[in-house]
1. Can you give me the % of accessible surface on the chain that is carbon or sulfur? Probe 1.4 Å, all protein chains present, nothing else counted.
2. Show 24, 178, 155 ordered by accessible area, largest first, where the area counts protein heavy atoms only and the probe is 1.4 Å.
3. For Rg/Rh (Cα atoms, Kirkwood Rh), one of [x] 1.15; [y] 1.12; [z] 1.06 was computed from the structure I shared and the rest are decoys. Which label?
4. Reachable lysines from residue 84, Cα under 18 Å, same-chain residues fewer than 8 places away excluded?
5. Ranked highest first by average number of other Cβ atoms within 10 Å, how do 51-57, 204-210, 35-41 line up?
6. Would you compute, from DSSP H runs of 4+ residues alone, the mean residue ellipticity of the chain at 222 nm, taking -39500 (n - 2.57) per run and dividing by the full residue count, rounded to the nearest 500?
7. Listed highest first by mean packing, meaning other Cβ atoms within 10 Å per residue, what order do 294-305, 101-112, 71-82 come in?
8. Quote the FRET efficiency, to the nearest 0.05, computed for residue 82 versus residue 173 with a Förster distance R0 of 41 Å and r equal to the Cβ-Cβ distance.
Amino acid sequence: MLRFLLMRIASAIPVLFILSVVTFAIIQAPPGDYADYIRSQLINQGGASFAQADAQAQAYRVEHGLDQPLVVQYVNWITGIVTKGDFGYSMFYNKPVADVVGERLPRTLALALVCHIFASILGITFGIWAATRQYSWIDSLLSGISFLGMTVPRFLMALIIVYLLVFQFNVTEIGSFFSPQYGGAPWSWAKFMDLVSHVWPVVAIATFGGLAYNMRVMRGNLLDTLNAQYVETARAKGLSGGAVVMRHAVPNALHPLVMYQGVVLPYMLTGEIETAIIFALPTVGPAIVGSMAIGDVYVTATFMLVLSATLIVGNIIADMLLAMLDPRVRQYGGA
């Protein structure tokens, strides 16, 4: 199993390198950089003339290496990551990029993990429920919910919920994790419930999309498994319906969902990111959008690299889980 893990990690390194190159190039493709943002701020808010603002912008560009060729900027950035763990310096936040990531990424991962747990438990449960009651009203209702979860854009659901909270229920605390009185307070049950009251829309929307996919896949695979010969044999031996489903059919129907874990973490992250942008929560999403808008390239590139790494890590975890469940994977995968 260790050899299997090492092979997966070794194969992931060149993929991550290629993703870093492509990501950095795409981010740098639009015209303009952070020096242009500084120039516009000096003109619009500082009252400077165009010549003065342009001179300061050019000096800033030279000082921070923004005038260097794209290849040189990338090599300097990736070399700093590999040799010193330095992801660069955020020009907008005026602090190391690692600090910006450290502030926002744990919150994002925590929300994504909660959404993943809820989506897996509810999706698998509803999928089993729908498959064992095929063509009933319960199956039709759950299939309709699955269809909505996979087709309705998450940002649209977020906009609808924001409208209802603000204009219909007069909720004013949008865009934060805690109420002002709990901001610096120690953890307590009241603070936890206050956190839940602020983040439940994000969790609900991101969970809804993952739940729909899990339920759809589980229902389809369980229906196929229930028609397999070994399931018919188990029924012929006199096992109860519940024992046949839970002991024989469900474990085999779970294999595709195990492989899905390879993409579920970045899927949940993107769901959280889309929703957090609408709710303006201090997580990864608003930081990516804000840094892209002003040309803070190292913040954007680092966050995109981290999201790419989550996809790779998720696939490695999925391979390991599948290898533990299915001996054929260990045999032919080199474990």
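1. Carbon with sulfur: 68 percent of the solvent-accessible area.
2. Reading off the accessible areas and sorting them downward yields 155, 178, 24.
3. Only one listed value fits the structure, namely [z].
4. Here the lysines satisfying the reach criterion relative to residue 84 are 95.
5. Put in order of decreasing packing, that is 204-210, 35-41, 51-57.
6. Working: 14 runs with 248 residues, N = 335.
Roughly -25000 deg cm²/dmol at 222 nm, from the helical runs in the chain.
7. Ranked from most to least packed, the peptides come out as 294-305, 101-112, 71-82.
8. Numbers: r = 42 Å, r/R0 = 1.03.
Efficiency, rounded to the nearest 0.05: 0.45.
The values are calculated or read from the model by the stated rules, or taken from the named source; none is laboratory data. Bear in mind that the values here come from a model prediction, so they are computed numbers and not experimental data. Every residue, glycine among them, receives a Cβ derived from its backbone with ideal geometry; neighbour counts consider all protein chains shown. Each accessible area value is taken on the protein alone, full model and side chains, heavy atoms only, with ligands, DNA and RNA left out. Shrake-Rupley method; radii C 1.70, N 1.55, O 1.52, S 1.80 Å.
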